[in-house]
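The values are calculated or read from the model by the stated rules, or taken from the named source; none is laboratory data. This structure is a prediction, so every number in the text was calculated from the model and none was measured. In this analysis, Cβ positions are derived from the backbone assuming ideal geometry, glycine residues included, and neighbour counts consider all displayed protein chains. When the accessible area is computed, the model is the full protein with side chains, heavy atoms only, and any ligands, DNA or RNA have been set aside. Shrake-Rupley method; radii C 1.70, N 1.55, O 1.52, S 1.80 Å.
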Amino acid sequence: MTNSEAKALVIFLHGVGSNGADLAALTPAMAPALPDVAFESPDGSQPCDFNSGYQWFSVAGVTPENRAERIRAARGAFDAVVSESIKKHGFSDRLDRVAFVGFSQGTIMALDALVSGRWPVGAIVGFSGRLATDDIAETVPSVPVLLQHGTMDSVIPVGETQNAEKRLKALGVPVETLIVPGLGHSISGPGLDRASAFLAEHLA
């Protein structure tokens, strides 16, 4: 699909130690529900600390106390990566036609992009993440958000998504949450189907 044919753009945001190709592998499963949508899956803005993958911010020595500061420090590089993807597909003046789909650290950055007021996109899907931002914008864009999390996630506890849902709703953000029994730090088939339908609805 050429840029001129695409009616919307989905940007995948991978987790720490991964790369763009990992989440790009979801495209064939999602594309049938999103026939006029382009997909982009960039690598994170930094080389990973502990393997050959990438990250958006370092998790070496990360704590609940210093995580928000690391997110703030990562914003400039994150914005540059996202801006490049959006510009490449011709959506710089059509952010309402752009969606972020994050996994783990990618979800952390996607939710930060929203609550900091920087990226009023059309929709956000966040798998297995958390809302770790502590400097919330005065006015948060009312972007529809779908959060998903497995009950057996040993990397980021499911309670983080439940807390994110409460905080986002308190900010006036419309949130749908899908908790998947027995799922670890991963994406389920039914969860991917729901994400595709959610994006089709909000990017229609």
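Before moving on, here are some points about what is shown:
Let's see how each residue does on (1) of a type outside the set (A, V, I, L, M, F, W, C); (2) outside any helix (DSSP H, G or I):
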residue	(1), (2)
6	no, yes
15	yes, yes
50	no, yes
61	yes, yes
65	yes, yes
69	yes, no
74	no, no
83	yes, no
92	yes, yes
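- Screening 43, 49 for residues that are touching a strand residue (DSSP E or B) at 6+ places or on another chain (Cβ under 6 Å), of a type outside the set (Val, Ile, Thr) and open to solvent by 50 Å² or more (accessible area, probe 1.4 Å) leaves exactly one candidate, 43.
- Condition check for residue 85: among the small types (Gly, Ala, Ser), in contact with a Pro (Cβ under 7 Å, 6 or more places away or on another chain) and closer than 23 Å to residue 73 by Cβ: yes
- Flag if residue 68 is closer than 30 Å to residue 193 by Cβ, touching a Ser or Thr at 6+ places or on another chain (Cβ under 7 Å) and surrounded by fewer than 18 Cβ atoms within 10 Å (Cβ to Cβ): no
- Under the condition of being open to solvent by 40 Å² or more (accessible area, probe 1.4 Å), closer than 13 Å to residue 145 by Cα and not acidic (Asp, Glu), the residues counted in the stretch 178-204 number 4.
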